[in-house]
Amino acid sequence: MRRLDLQTDKMLAHVEDGVGWITFNQPEKRNAVSFAMWQAVPEIIKDFASSDDVRVVVMKGAGDRAFVSGADISEFEEVRSTPDQIKIYEAATSASNAALRSLEKPLIAMIRGFCIGGGLAISLAADLRISADDGQFGVPAAKLGLGYGYGGIKELMNLVGPSYAKEIFFTGQRFSAVDAEKMGLVNRVVPVGELESTVTAYARTIAENAPMTVKAAKAAINEGTKNPDERDLDRVAAMVEACFNSEDFIEGRRAFMEKRKPQFQGR
């Protein structure tokens, strides 16, 4: 196991068996994200993105009450009380979200309990969302008078469609894990006691597959969610061609013929 040395103990990160684990570690506040936590996310993603020992990344919340319940409002008076502070804070949140969305490796959100507001937005950066049956989801912006930008709404709409996106935003209410699965907000729901083993099995399965193929598939799907004039299909085509020219493609064919498990190296 390899642990990352971070500037805050409110974020934890380690690598084990090809999986990079990110833990939002403020359980006493339902893992509300503080300024220091926002700052740590790009550092973690930079390490995981550049490390060959990481094939897939999992995000989770510490404890049993929440994935992430949103931003840590209790520190706003200290870190968001002046225009300059607000700019710095928003730059940190933007950098964190951009880092998560820029990760070319698969990203899984492992969800227990509250996944609300900013926590839901963080989960949307993941490629897969797997929830325990105690999951609660919602965007309470309409209950707080907050404006919600096009980018965040479009991202949610890409997952659940216009009708459910309107229901989520118009009502501002919380939805159960069963509701979230019906909407397509999460990939699957499992009993609380099976959540970690299910996510770990998924992550290790992905980690054992050909990294270049998985990376190309993620890129193609992500481009497909963009407006047609914004899609970089040449990049996707080049990634697909690289798969066919890779050592992993040779290994995959040989393993199939020899009836053994392939050992992919990502090259």
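Miscellaneous remarks
- Applying the Kirkwood pairwise sum to the alpha-carbon positions of the stretch 2-207 produces a hydrodynamic radius of 17.1 angstrom.
- With N counted as the residues of the stretch 210-257, its alpha-carbon radius of gyration over 2.2 N^0.38 Å works out to 1.33.
- Where only DSSP H runs of four or more residues are counted, the chain gives -15000 deg cm²/dmol as its mean residue ellipticity at 222 nm, each run worth -39500 (n - 2.57).
- GNM flexibility winner over the chain from Ile116, Ile73, Ile108 (Cα, springs under 10 Å): Ile73
- Gly20 long-range amide H proximity, modeled H, under 5 Å: Arg55, Val56, Val57, Val58
- For the residues Phe76, Phe175, Phe67, a GNM of the chain with alpha-carbon springs under 10 Å puts the largest fluctuation on Phe76.
- Legend: P(r) of the stretch 29-141 from all alpha carbon pair distances, 5 Å bins from 0, whole percents, reading 2, 12, 21, 23, 20, 13, 6, 2, 0.
- For the stretch 1-92, the Kirkwood radius over C-alpha pairs fed into Stokes-Einstein at 4 °C and 1.567 mPa s yields D = 93 µm² per second.
- Antiparallel bridge percentage (DSSP; both residues within the chain; nearest 5): 30 percent
- With contacts taken as Cα pairs under 8 Å at a separation of at least 6 residues, the chain carries a relative contact order of 15 percent.
Coordinate-derived values only; no laboratory data. Just so it is clear, the model here is predicted, and its values are computed rather than measured.
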